[in-house]
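> Please find one structure pasted underneath; my questions will follow.
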Amino acid sequence: ISLVGAGSCLETLEKGKPLIVVINDKLMNNHQLELAKQLHRDGYVLCCNCSTLVETLQLMDLSTLKPFPPGQPEKFALFLDKVVGFQ
């Protein structure tokens, strides 16, 4: 169970752990909400807020979560090289 910090989410998902993200509804321009919704839509996390956490825990089915795909840093490095003009 975690807040929706990008680093926390990615680190947990990359380790293959199931994750419930709790959205902080009080944040202005809530970028966490966008990340949580997308990860939930993609099937990687369960998503709730503080008021629905207990219900989420009671009803959760972790078998519905998909494994998070491994990162591909070499592809990102090649992309940056191309953008910057090193290729």
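> Return the loop-located trypsin sites (Lys or Arg not before Pro) in the chain (DSSP other than H, G, I, E, B) with at most 13 other Cβ atoms within 10 Å of their own Cβ; answer none if there are none.
Sparse-neighbourhood loop trypsin sites (Lys or Arg not before Pro): 15, 26.
> At 1.4 Å probe size, put 8, 63, 2 in order of accessible surface, largest to smallest.
Result, largest first: 63, 8, 2.
> Which of 16, 71, 43 ends up with the largest GNM mean-square fluctuation for the chain, with Cα atoms connected below 10 Å?
71
> I would also like to ask the following. Where is the GNM fluctuation largest for the chain (alpha-carbon springs, 10 angstrom cutoff): 38, 58, 72?
Of 38, 58, 72, the Gaussian network model singles out 72 as fluctuating most.
> Here is a follow-up. Suppose every K and R has +1 on its Cβ and every D and E has -1 on its Cβ; what is the size of the dipole of region 1-80 about the Cα centre, in Debye to the nearest 20?
Around 60 debye, computed over region 1-80.
> Cross-link list 15/82; 37/66; 15/37: which exceed 25 angstrom alpha carbon to alpha carbon?
Those over the limit are 15/82.
> Quick query: amide H of residue 4 versus all other amide H atoms, modeled in the peptide plane; which residues come in under 5 Å with a sequence gap of 5 or more or a different chain?
22, 24
> Need one value: the accessible area of residue 3 in square angstrom, 1.4 angstrom probe, rounded to the nearest 10.
Counting only protein heavy atoms, residue 3 exposes about 110 Å² to solvent.
> Which of rounded, prolate or oblate describes region 6-84 when judged by the alpha-carbon gyration tensor and an a/c cut-off of 1.5?
Since a/c reaches 1.5 but b/c is at least a/b, the shape of region 6-84 is classed as oblate.
> Tell me, what % of the accessible area of the chain is carbon and sulfur with a 1.4 angstrom probe?
Carbon-and-sulfur percentage of accessible area, whole number: 60.
> Quick one: accessible area per residue over region 6-84, 1.4 Å probe, rounded to a whole number of Å²?
Per-residue value: 74 Å².
> Let me ask another. With a sphere of radius 13 Å drawn around the Cβ of residue 13, what net charge do the other residues whose Cβ falls strictly inside it have (Lys, Arg +1; Asp, Glu -1)?
Residues near residue 13 contribute 0 overall.
> Loop-only check: which chymotrypsin sites (Phe, Trp or Tyr not before Pro) in the chain are DSSP coil with at most 10 other Cβ within 10 angstrom?
Counting only loop positions with at most 10 other Cβ atoms within 10 Å, the chymotrypsin sites (Phe, Trp or Tyr not before Pro) in the chain are 86.
> Summing +1 for each Lys or Arg and -1 for each Asp or Glu, what net charge is found among the other residues whose Cβ lies under 13 Å from the Cβ of residue 36?
-1
The values are calculated or read from the model by the stated rules, or taken from the named source; none is laboratory data. Every value quoted in this text rests on a predicted model; they were computed, and no experiment measured them. Cβ coordinates were reconstructed from backbone atoms using ideal geometry, including for glycine residues, and neighbour counts include every protein chain displayed. For accessibility, only protein heavy atoms count, side chains too; no ligands or nucleic acids. Shrake-Rupley method; radii C 1.70, N 1.55, O 1.52, S 1.80 Å.
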